[in-house]
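Structure record follows, encoded as structure tokens.
The values are calculated or read from the model by the stated rules, or taken from the named source; none is laboratory data. What you are looking at is a predicted structure, and each value in this text was computed from that prediction instead of being measured. Every residue, glycine as well, gets a Cβ built from its backbone with ideal geometry; the counts of neighbours run over all protein chains shown.
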Amino acid sequence: MLLYTLKMVRENLARIRERISKAAEKSSRAPDAIKLVVVTKEAGIDEILQAIEEGVRDIGENRLKDALAKKESLDSHVLTWHMIGHLQSNKAKEAVKLFSVIHSVDSAKLAEILNKEARKNGKVQDIFIEVNVSGEKSKFGVQPKGIEAFLKEAETFRNLKIRGLMTMAPFTDNAETTRPVFKKLKELADANGLKELSMGMSQDFEVAIEEGSTMVRIGRAIFKQ
């Protein structure tokens, strides 16, 4: 059963990479302009190791506790760890120690705390500002109209590097309906001089790439049959 599962991971990864390439080419972009962050929320260590063997170096986790446990088992591998889930302020200290990139900075208060912890650790923390483009109450994120004020305040945070913007589109079986959300995030990034966009998941990453995503976060399509 394990051999079958690892074979599935290998084949799924190959398919995802091919789909990323086709989506990039469709939008006249180079495939290597899009970074694949493999989300390991539902994956075991053997499955993650198989992904690493296939060349994966960017690992995304939703929860700090899960990332800590997995990192201990994978410490012999050179990996970039991405925090992609909601981050509570009281977990900022540990998050700065563990993650190279934090995608879910959804308030100026959290940014200020991360800046303080990064300064203590002698590092510049890479972050994405999470934007609630869809307006769903169930989602976290800065409102689109608040991005300019957020960036102005963040100018004082010397230990943060804002890589770009992140969003989550509404979950749907019809990926095409997510296009306006991704288009809006791209417009916000362009208007504020930000070049990177963390957007697109298993169900909608091709549309996200077509609309300018530079980083897709994919887990279910790799680790599930």
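Go through the residues of the stretch 54-68 one by one and say whether even a single one is over 23 Å from residue 169 (Cα atoms) and polar (S, T, N, Q). Looking through the stretch 54-68, none of the residues is over 23 Å from residue 169 (Cα atoms) and polar (S, T, N, Q).
Considering only the stretch 112-131, I want to know if a residue exists there that is under 23 Å from residue 35 (Cα atoms), among the small types (Gly, Ala, Ser) and in contact with a Leu (Cβ under 8 Å, 6 or more places away or on another chain). The answer is no; no qualifying residue exists. When the stretch 132-164 is filtered for residues that are farther than 10 Å from residue 105 by Cβ and among the aliphatic types (A, V, I, L, M), the ones remaining, listed by number, are 133, 147, 149, 151. Restrict the check to the stretch 116-125 and report whether at least one residue is out of contact with any helix residue (DSSP H, G or I) (no Cβ under 9 Å at 6 or more places or on another chain), modelled with pLDDT of 95 or more, of a type in the set (D, E, K, R) and surrounded by 19 or more Cβ atoms within 10 Å (Cβ to Cβ). No: the stretch 116-125 contains no residue that is out of contact with any helix residue (DSSP H, G or I) (no Cβ under 9 Å at 6 or more places or on another chain), modelled with pLDDT of 95 or more, of a type in the set (D, E, K, R) and surrounded by 19 or more Cβ atoms within 10 Å (Cβ to Cβ). Using the structure shown, decide if residue 69 is at pLDDT below 95, farther than 15 Å from residue 217 by Cα and of a type outside the set (Lys, Arg). It is true that residue 69 is at pLDDT below 95, farther than 15 Å from residue 217 by Cα and of a type outside the set (Lys, Arg). Annotation note: Cβ proximity below 8 Å between a residue of the stretch 176-192 that is touching a residue at least 12 places away in the same chain (Cβ under 8 Å) and a residue that is exposed (fewer than 14 other Cβ atoms within 10 Å of the Cβ) and of a type in the set (Asp, Glu) (sequence gap 6+ or interchain) occurs for 192/148. The single condition among (1) outside any loop (DSSP other than H, G, I, E, B); (2) closer than 14 Å to residue 216 by Cβ that residue 29 does not meet is (1). Tell me yes or no: at least one residue of the stretch 105-125 is in contact with a Ser or Thr (Cβ under 9 Å, 6 or more places away or on another chain), part of a strand (DSSP E or B) and within 24 Å of residue 170 (Cα to Cα). No, that holds for no residue. Checking every residue in the stretch 159-176 against the condition of being closer than 17 Å to residue 27 by Cβ, crowded, with 20+ Cβ neighbours inside 10 Å and among the polar types (S, T, N, Q) gives zero matches. Just a yes or no: is a residue in the stretch 68-77 of a type in the set (Gly, Ala, Ser), outside any loop (DSSP other than H, G, I, E, B), out of contact with any helix residue (DSSP H, G or I) (no Cβ under 6 Å at 6 or more places or on another chain) and loosely packed, with under 14 Cβ neighbours inside 10 Å? Within the stretch 68-77, one or more residues are of a type in the set (Gly, Ala, Ser), outside any loop (DSSP other than H, G, I, E, B), out of contact with any helix residue (DSSP H, G or I) (no Cβ under 6 Å at 6 or more places or on another chain) and loosely packed, with under 14 Cβ neighbours inside 10 Å.
Looking across the stretch 126-157 at every residue that is among the polar types (S, T, N, Q), at pLDDT below 95 and loosely packed, with under 14 Cβ neighbours inside 10 Å, the one that is nearest to residue 200 (Cα to Cα) is identified as 138.
Table: residues versus (1) charged (D, E, K, R); (2) in a helix (DSSP H, G or I); (3) free of Cβ contacts under 8 Å to residues at least 60 places away in the same chain; (4) buried (at least 18 other Cβ atoms within 10 Å of the Cβ).
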{"position": "25", "(1), (2), (3), (4)": "yes, yes, yes, no"}
{"position": "38", "(1), (2), (3), (4)": "no, no, no, yes"}
{"position": "42", "(1), (2), (3), (4)": "yes, no, no, no"}
{"position": "52", "(1), (2), (3), (4)": "no, yes, yes, no"}
{"position": "60", "(1), (2), (3), (4)": "no, no, no, yes"}
{"position": "66", "(1), (2), (3), (4)": "yes, yes, yes, no"}
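Cβ-Cβ under 7 Å, sequence separation 6+ or interchain: first residue in the stretch 145-157 and touching a residue at least 12 places away in the same chain (Cβ under 8 Å), partner polar (S, T, N, Q) and surrounded by 15 or more Cβ atoms within 10 Å (Cβ to Cβ). Which pairs? Pairs that qualify, where the first residue is touching a residue at least 12 places away in the same chain (Cβ under 8 Å) and the partner is polar (S, T, N, Q) and surrounded by 15 or more Cβ atoms within 10 Å (Cβ to Cβ), are 147/192; 148/192; 151/192; 157/115.
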